[in-house]
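Trainee: Structure incoming, see below.
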Amino acid sequence: MAILITSVIKNSPAYHAGIKSGDMLISLNGHMIHDVLDYMFYAAEINVRIAAERDGAAFFADVEKSEYDDLGLEFESFLMDKKQSCTNKCIFCFIDQMPPNMRETLYFKDDDARLSFLQGNYVTLTNLNQNDIDRIIQMRLNINISVHTTNPELRCKMMNNRFAGEKLDYLKQFAKAGIAMNCQIVLCPGINDGRELERTLTDLGDLMPNIQSIAVVPVGITKFRDGLYPLEMFNKKTASAAIDLIESFQKKFLEKYDTRLVFPADEFYITAERPIPAGEFYEDYCQYENGVGMLRSLADEFDSALELADEPSEKRTVSIATGAAAYNFISELVEKAEKKWHNIKCNVYKITNYFFGETITVSGLLTAGDIIEQLKDKPLGDALILTTSMFKRDTDIFLDDLTIPDVEKALGVKVLVTDNDGFELLDKILGI
C-alpha cells in the first residue's frame, strides 16, 4: 500500500533526506505502512530507511534522527486511512436517537481502535480481528474499551452483534500481554445493572492489574426513540442502587488493589440526590472525560480560585446558562462568589433541552436554539458564560449549527466560553 505524502515539514529529517510533497510512502525499515499507527511505530527508530515512490520509480532515503523524533511527513488525513465505523446497533446508541436533518458528521458511528490510542476514544472491539489484536499487543498500545457487560449472550443482545460476546476474549489476551485497559459500562436499568453489573465488575477485577479504571455511566435517552428498543431512565431509587453496588466493589478493590478502580458518573449522584464525593474519591480523575468527577474538580478549583482572587474594583453582572443536571451545583458555586464580593452578581439559568427532549440534562447537549428561546427575555448583564462542551471541537458551532455570533445577535449580549475549569470560570465571572 502506498500513501501520498501531501507535504514535508521544512528542515525536518525527511526534508533533509530529499523526500518531497507528492512522493508515495511505501515502507519504513522494510515494514509496509498502512496507517498512522504503523507510521508512528516504525518511524520511532533512530535510523530509518524510507522506501518511497516518485513518478512511478521506487527509491530509498536513509534518515538518522533522535529516537521518537517525527520524520516530518504529512498526509491527506490524520489516520492516513479511512476512519473505521461501528458494526453494532447497540440498544442504547445515542446516535440512533438523534433528530433528522443535522450535519452529516453527527451521524457517523466511530469505532476505531487507532483513535482509542491517539485520542482516548472508546471502542467495542467488534470490528477487530486477531491480526488487529496482535498488532496492538506488538506495539504495546493502551486501549479504551466499551465493555458494557461480560456476559457474552447479553453483550450480543445489547450490541445487536452476534460476534460481540466472543470478542470479550480479547480482554483476556490484552491482560495476559500486559496491555493497560480503561473500560466503560453504559448502564441500562433492568438490563445490565444489578447482578449483571456484579458479574461484569467481578470479571474485570480478575484482569487486574491491567485494568486501569472502569467508568459506569447512565444510559441517555432522547425523545427520538420511535421503533427502538424500550429503555428506562434511571430514577432516584435505581440510581441509588447503582451507586451502592459500585461503592461496595470500590471497597473490595481498594483493599485488594489499592485503587477504587470503578467509578460512577456524576449523573448518578445528581439523579440519586446525593452529594458529589470529595476529591480523593476520584483518585487521579482517570475517567474525567466520561463525566466522572467533573463537578468535584470544578468545585475544588473554583474554591481555590476564590481564595486567591482579588476583590473586583467595579460592579459586574453576568449570567451562566447550564443544563438541568448541573444547575444546582453551579448555583452553589456562584453563591460563594456573591457572598464574598457584594459587587458581583451572577444569574444562573437552567436550560431545558427541548431539542433532544427534557430527559437530556447535560450541558454538553444544549443547543443555541434552546438557549436563545429561554433567555430572550431574561436579564443577562455584561456577558453570558457558556461551556466549551456545547460546541463542536475547536469551533464556535453548536449542535444545531448556530454559532456564538448568532447567540450574541439574538440576545444582545457578549458570549464568553469557559472550559470545565474552576479558575477559568471565576475569571470569566470577574471579567478577567
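The values are calculated or read from the model by the stated rules, or taken from the named source; none is laboratory data. All values derive from a computational prediction rather than experimental measurement. Counting neighbours? That spans all protein chains shown, and the Cβs are built from the backbone with ideal geometry, glycine included. Just so you know, the surface numbers come from the protein's heavy atoms only, side chains and all, with ligands and any DNA or RNA stripped out. Shrake-Rupley method; radii C 1.70, N 1.55, O 1.52, S 1.80 Å.
Trainee: Going by the structure shown, is A305 open to solvent by less than 50 Å² (accessible area, probe 1.4 Å), over 25 Å from I179 (Cβ atoms), assigned to a helix (DSSP H, G or I) and touching a strand residue (DSSP E or B) at 6+ places or on another chain (Cβ under 8 Å)? Steps first, please.
Mentor: Numbers: open to solvent by less than 50 Å² (accessible area, probe 1.4 Å): yes; over 25 Å from I179 (Cβ atoms): yes; assigned to a helix (DSSP H, G or I): yes; touching a strand residue (DSSP E or B) at 6+ places or on another chain (Cβ under 8 Å): no.
No, not satisfied.
Trainee: Give the residue, chosen from L333, L295, that is touching a residue at least 12 places away in the same chain (Cβ under 8 Å), over 24 Å from A239 (Cα atoms), out of contact with any strand residue (DSSP E or B) (no Cβ under 6 Å at 6 or more places or on another chain) and surrounded by 18 or more Cβ atoms within 10 Å (Cβ to Cβ). Show your work before the answer.
Mentor: Working: L295 fails: over 24 Å from A239 (Cα atoms).
Criteria check complete, one pass: L333.
Trainee: Looking only at segment 3-28, count every residue that is in a loop (DSSP other than H, G, I, E, B) and open to solvent by less than 50 Å² (accessible area, probe 1.4 Å) and tell me the total.
Mentor: So in segment 3-28, the residues in a loop (DSSP other than H, G, I, E, B) come out as 9-12, 17-23.
Next cut, open to solvent by less than 50 Å² (accessible area, probe 1.4 Å) only: 12, 17-19, 22-23.
Matching residues across segment 3-28 total 6.
Trainee: Now for a different question. Look through segment 256-284, keep the residues that are among the acidic types (D, E) and free of Cβ contacts under 8 Å to residues at least 12 places away in the same chain, and return whichever of them is least open to solvent (accessible area, probe 1.4 Å).
Mentor: The initial filter retains those residues of segment 256-284 that are among the acidic types (D, E), namely 258, 266-267, 273, 280, 283-284.
Applying the additional criterion that residues be free of Cβ contacts under 8 Å to residues at least 12 places away in the same chain yields 258, 280, 284.
Numbers: D258: 128, E280: 132, D284: 113 Å².
Out of the qualifying residues, it is D284.
Trainee: Restricted to segment 375-399, and to residues that are open to solvent by 40 Å² or more (accessible area, probe 1.4 Å) and in contact (Cβ under 8 Å) with a residue 12 or more places away in the chain, which residue is farthest from M233 (Cα to Cα)? I'd like the intermediate steps shown before the answer.
Mentor: To start, the set of residues in segment 375-399 that are open to solvent by 40 Å² or more (accessible area, probe 1.4 Å) comprises 376-379, 381-382, 388-389, 392-397.
Pick out the ones that are also in contact (Cβ under 8 Å) with a residue 12 or more places away in the chain and you get 376, 378-379, 381-382, 388-389, 396.
On the way: K376: 31, K378: 31, P379: 34, G381: 36, D382: 38, T388: 26, S389: 23, D396: 31 Å.
Top of the filtered list is D382.
Trainee: Next up: Is there any pair linking a residue in segment 143-160 that is more than 13 Å from L204 (Cβ to Cβ) to one that is of a type outside the set (S, T, N, Q) and part of a strand (DSSP E or B), with Cβ under 9 Å and at least six apart or on different chains, and which?
Mentor: I143/V123; I143/M181; N144/V123; N144/M181; N144/C183; M158/V186
Trainee: For Q287, all conditions in the list (1) open to solvent by 20 Å² or more (accessible area, probe 1.4 Å); (2) within 22 Å of the chain's Cα centre (by Cα); (3) within 30 Å of E358 (Cβ to Cβ) hold save one; what is the number of the exception?
Mentor: Result: Q287 passes all but (1).
Trainee: From the residues in segment 370-417 that are among the β-branched types (V, I, T) and under 17 Å from the mean Cα position of the chain (by Cα), which one is farthest from C346 (Cα to Cα)?
Mentor: Residues of segment 370-417 among the β-branched types (V, I, T): 371-372, 385, 387-388, 395, 397, 403-404, 407, 413, 415, 417.
Among the residues that remain, those that are also under 17 Å from the mean Cα position of the chain (by Cα) are: 387-388, 395.
Details: T387: 15, T388: 19, T395: 26 Å.
Once the filter is applied, the top-ranked residue is T395.
Trainee: Here is a further query. Kindly indicate the residue of segment 350-374 that is assigned to a helix (DSSP H, G or I) and among the hydrophobic types (A, V, I, L, M, F, W, C) and also surrounded by the fewest Cβ atoms within 10 Å (Cβ to Cβ) among those meeting that condition.
Mentor: In the first step, residues of segment 350-374 are kept if they are assigned to a helix (DSSP H, G or I); the result is 363-365, 368-374.
Filter once more, so that each one left must be among the hydrophobic types (A, V, I, L, M, F, W, C): 365, 368, 371-372.
On the way: L365: 19, A368: 25, I371: 23, I372: 17.
This residue is I372.
Trainee: Residues of segment 36-84 being of a type in the set (S, T, Y) and assigned to a helix (DSSP H, G or I), which ones? Write out each step before concluding.
Mentor: Taking segment 36-84 and keeping what is of a type in the set (S, T, Y), we get 39, 42, 66, 68, 77.
If the condition is that a residue be of a type in the set (S, T, Y) and assigned to a helix (DSSP H, G or I), then Y39, Y42 are the ones that fit.
Trainee: Limited to segment 308-333, what total is found for residues that are part of a helix (DSSP H, G or I) and either closer than 30 Å to Q119 by Cα or modelled with pLDDT of 95 or more (or both)? Break it down into steps so the answer makes sense when it comes.
Mentor: Here is the first cut: in segment 308-333, the residues part of a helix (DSSP H, G or I) are 308, 327-333.
Those still in the list that are either closer than 30 Å to Q119 by Cα or modelled with pLDDT of 95 or more (or both) too: 327-333.
Result for segment 308-333: 7.
Trainee: Among all residue pairs at least 6 apart or on different chains, which show Cβ distances below 6 Å where the first residue, located in segment 23-42, is closer than 17 Å to I137 by Cα and the second is acidic (D, E) and open to solvent by 10 Å² or more (accessible area, probe 1.4 Å)?
Mentor: D35/D81
Trainee: Which residues, taken from segment 69-97, are of a type in the set (A, V, I, L, M) and open to solvent by less than 30 Å² (accessible area, probe 1.4 Å)? If you could, list the steps in order and put the result at the bottom.
Mentor: Within segment 69-97, the subset of a type in the set (A, V, I, L, M) is 71, 73, 79-80, 91, 95.
L71, L73, L79, M80, I91 - these are the residues of segment 69-97 that are of a type in the set (A, V, I, L, M) and open to solvent by less than 30 Å² (accessible area, probe 1.4 Å).
Trainee: Could you go through segment 202-214 and let me know if any residue there is open to solvent by less than 20 Å² (accessible area, probe 1.4 Å) and not aliphatic (A, V, I, L, M). Lay out the reasoning, then the answer.
Mentor: First, the residues of segment 202-214 that are open to solvent by less than 20 Å² (accessible area, probe 1.4 Å): 204-205, 211, 213-214.
Those left that are additionally not aliphatic (A, V, I, L, M): 205, 213.
The answer is yes; a qualifying residue exists.
Trainee: Just name the residue that is nearest to K378 (Cα to Cα) out of those in segment 400-415 that are open to solvent by less than 50 Å² (accessible area, probe 1.4 Å) and among the hydrophobic types (A, V, I, L, M, F, W, C). It would help to see each step written out before you state the result.
Mentor: To start, the set of residues in segment 400-415 that are open to solvent by less than 50 Å² (accessible area, probe 1.4 Å) comprises 400, 403-404, 407-408, 411, 413, 415.
Filter once more, keeping what is among the hydrophobic types (A, V, I, L, M, F, W, C): 404, 407, 411, 413, 415.
On the way: I404: 18, V407: 14, L411: 9, V413: 11, V415: 15 Å.
Among those that are open to solvent by less than 50 Å² (accessible area, probe 1.4 Å) and among the hydrophobic types (A, V, I, L, M, F, W, C), it is L411.
Trainee: Filter segment 128-180 down to residues that are of a type in the set (G, A, S) and surrounded by 15 or more Cβ atoms within 10 Å (Cβ to Cβ) and give me whichever is nearest to the chain's Cα centre (by Cα). Walk me through it before giving the result.
Mentor: First, the residues of segment 128-180 that are of a type in the set (G, A, S): 146, 164-165, 175, 177-178, 180.
Then drop every residue that is not surrounded by 15 or more Cβ atoms within 10 Å (Cβ to Cβ), which leaves 146, 164-165, 175, 180.
On the way: S146: 12, A164: 22, G165: 24, A175: 23, A180: 18 Å.
Applying the filter and picking the extreme gives S146.
Trainee: So for segment 60-68 (the condition being open to solvent by 20 Å² or more (accessible area, probe 1.4 Å), aromatic (F, W, Y) and under 22 Å from R393 (Cα atoms)), does at least one residue qualify?
Mentor: no
Trainee: Residues of segment 181-201 being open to solvent by 10 Å² or more (accessible area, probe 1.4 Å), outside any strand (DSSP E or B) and touching a helix residue (DSSP H, G or I) at 6+ places or on another chain (Cβ under 8 Å), which ones? Spell out how you get there, then give the answer.
Mentor: Keep residues of segment 181-201 that are open to solvent by 10 Å² or more (accessible area, probe 1.4 Å), which gives 182, 184, 186, 189-191, 193-196, 198-199.
From what's left, outside any strand (DSSP E or B): 189-191, 193-196, 198-199.
P189, I191, D193, G194, E196, E198, listed by residue number.
Trainee: Note down all Cβ pairs under 6 Å where the first residue falls in segment 223-246 and is open to solvent by 30 Å² or more (accessible area, probe 1.4 Å), the second is part of a helix (DSSP H, G or I), and they're at least six residues apart or on different chains.
Mentor: These pairs meet every condition: F224/Q97; R225/Q97.
Trainee: Here's a follow-up. Residues in segment 222-239: is at least one in contact with a helix residue (DSSP H, G or I) (Cβ under 7 Å, 6 or more places away or on another chain), outside any helix (DSSP H, G or I) and within 21 Å of N121 (Cα to Cα)?
Mentor: No, every residue in segment 222-239 fails to be in contact with a helix residue (DSSP H, G or I) (Cβ under 7 Å, 6 or more places away or on another chain), outside any helix (DSSP H, G or I) and within 21 Å of N121 (Cα to Cα).
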